[in-house]
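Report on the structure given below.
Every number in this text was worked out from the coordinates using simple rules, so none of it is lab data. Here the structure is a predicted model, which means the values were calculated and not measured. All Cβ positions, even for glycine, are placed from backbone atoms using ideal geometry, and neighbour counts span all protein chains on display.
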Amino acid sequence: MIEVRGQRVLLRDPRPEDVEARLRWTTVEIVWQKWDAPWEGRAITPADRVDEARQRLLVKIAEPLPTPRKTLWVERVRGPLLGWVNHYHHDPGARVTYVGIDICESAYWNQGLGTEALLLWIDYLVKELELTCVRTATWSGNERMIRCVEKCGFVLDKVNRGSREVRGKRYDGLEFVLTRRDWKNSRRPEDESG
């Protein structure tokens, strides 16, 4: 089991008891879907399909996990499960990967918990994958994600003008980059000890 602990959040492997929270994020607490790649049109789990979805999630959680992890769950220390972090489009040759985060519990937005979780995740990935560069992508209407990645040290690298349509309006696609050198330079000495 992997667990990466911060001051207010921890990243960890999924557990069977997490299934109910995950189901809630596709049935009731769905506002996060308006911000995480809303053009993908995530499905809301219909009431008559909840038992099916529960069984699929339990099977998935029981599967062996890759090392290093592609996804870890975000939990508030002494609190509820909040969401997850992930990485994708990993290029081992270039030692680059993209990262993402979803804090699905909207009652915990705008408290810096996502920033802390993303910092922990980047630290884990930089060490485990020996990355030279971490990238992330979002859209210009997702102001919380933009603030989060900027606080983590990312800088805007690419702007794809008008490339995203969200709720009938055009937005820019944005890509941010964080180099290993900039990551190391931004870490405080106490960050290096743990």
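Worth pointing out:
- For the chain, built as a Gaussian network whose Cα springs stay under 10 Å, the top-fluctuating residue of L113, L58, L174: L58
- For the chain, a Gaussian network of Cα nodes joined below 10 Å ranks D182, D48, D13 by mean-square fluctuation, and the top entry is D48.
- Global form of the stretch 1-111, assessed from the alpha-carbon gyration tensor, a/c cut-off 1.5: rounded
- Helix-only CD estimate at 222 nm, as mean residue ellipticity for the chain, using -39500 (n - 2.57) per DSSP H run (n ≥ 4): -9000 deg cm²/dmol
- Set K70/K184; K70/K169; K34/K151; K127/K151; K151/K184; K60/K158 screened for pairs whose C-alpha atoms are more than 24 Å apart: K70/K169; K60/K158
- Overall form of the stretch 49-194 per C-alpha gyration tensor (a/c, 1.5; a/b vs b/c): rounded
- Centre-to-centre, using Cα atoms only, the stretch 1-62 and the stretch 131-169 are separated by 23 Å.
- Think of the stretch 3-192 as having a plus end and a minus end, set by charges on the Cβ of Lys, Arg, Asp and Glu; of P64, C152, Y124, C152 sits farthest toward the positive end of this dipole.
- Where trypsin sites (Lys or Arg not before Pro) fall in DSSP loop in the stretch 1-62, at most 16 other Cβ within 10 Å: R8, R42
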